[in-house]
Each structure stands twice: as structure tokens, then as C-alpha cells.
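The values are calculated or read from the model by the stated rules, or taken from the named source; none is laboratory data. The structure displayed is predicted, hence computed values, not measured ones. Please note: Cβ atoms are built from the backbone with ideal geometry, for glycine as well, and neighbour counts cover all protein chains shown.
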Amino acid sequence: MRTNLIETIMGAVVLAVAVFFLVFAYTSSRVRPNGGNIFHARFDRVDGLKIGSDVRMSGVKVGSVQKVRIDPKNFFALVELSVEPQISLPKDTSAEIVTDGFLGGKYMALVPGGDDENIKPGGDIIYTQSSVSLEAMIGQLIFNNKSTKKEGDSGEGKAGHSSATVPTTEASGPSPNA
């Protein structure tokens, strides 16, 4: 009889811990049931943007990415996003895919415009800026640095002389000092 009581108590403790874990996981996760207005945006690239990624306005989370797919007609990335119902988006709102810090994930930043008319729920955000690849930027920096060194400019000039070149323009017409 005593072993049945101990097993029952242990089972209740395990069940309570499991329920506590599930409640904690749900409240601390960013995934919430969809209750916002749906909008669509078209991008050239959406590198790193995932379903569930934040949609932020002025740094504050106002929604999440619902779907990411490819348009088979023109091969653009189509993103469906949900925004809180109390947020109205002016027609000239722009959507940008931004990195959350140097090593962070990607999120969509909404930059509201100044138009008096709003995008209707289910409508398209026309102005978009695609994801910028960190690898491409680093490669471009390295490539530009190498091409500068190949031109023979070591960055060291003679004493009193600058190694920098200054563009000159020719004046058309008489000199003001003449």
C-alpha cells in the first residue's frame, strides 16, 4: 500500500513538472496564435527570414512572418506577415529585412510612411528592401582592399607629400583671378 502511495505522488510530481514546463515554454516563446491583419510583401532575397520571425516597427514587435514562398512566375520571394490589428500601415510603408545584431537572426522592419491612406488588410506592401548578405559585404570589402593594394598605393607618401590623389576640374571660362 505504501509503494502505491509513493508511486502516485511521484507521478503527480512528474505531471506537475511537465505542465509547468509546457506553460513556461508557451509564455516565453514568440509564437502566438494569429489574430492580426495579414499583409504581403515581395522581395528579391529573404536570406535568413523564417516563419515566426519578428515583424517590428520602431524596434517594437508588432507581428510575425506567417509564410515565405517563391513566386513561380517571376521567382520573387513572397512573404506573408501578420500585424497586430490596432496597427494601421500607411500606403507608403516600406518593409526591410534586417539583421538583429552582428550574429543575430533576421527580422522584418516596417518603416511607416506619411500617406493619409492605409493599406487594407490582405493588401501589399509595395516598397521593400531585400536582405543584405553579410558574406557578400565582407567579400566586397576584401576585394576592394586587394584592388587598392594592387594599384601600388601603399598609403605611405614622401615627407611633405600626400599620396592621396585629389580630383581636379577644369574651369570653363575666364578665371576669377585673371
Item to check | Members of the range 51-88 that are of a type in the set (D, E, K, R) and part of a loop (DSSP other than H, G, I, E, B) | outcome: Asp71, Lys73, Glu84
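Among the residues of the range 59-85, how many are more than 22 Å from Gly36 (Cα to Cα) and either of a type in the set (Val, Ile, Thr) or exposed (fewer than 11 other Cβ atoms within 10 Å of the Cβ) (or both)?
So the count comes out to 6.
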Next on the checklist: Please verify whether Ile38 is on the phi < 0 side of the Ramachandran plot and in a loop (DSSP other than H, G, I, E, B), treating the condition exactly as stated.
Outcome noted: no
Next on the checklist: Going through Phe76, Phe39 one at a time, which residue ends up being over 21 Å from Lys120 (Cα atoms) and under 22 Å from the mean Cα position of the chain (by Cα)?
Outcome noted: Phe76
Next on the checklist: Taking the criterion of being within 27 Å of Ser53 (Cα to Cα), modelled with pLDDT under 85 and in a helix (DSSP H, G or I), would at least one residue in the range 114-134 satisfy it?
Outcome noted: yes
Next on the checklist: What's the number of the only condition in (1) over 17 Å from Asn37 (Cα atoms); (2) polar (S, T, N, Q); (3) in the same structural domain as Asp44 (by TED's automatic domain parsing) that Gln140 fails to meet?
Outcome noted: (3)
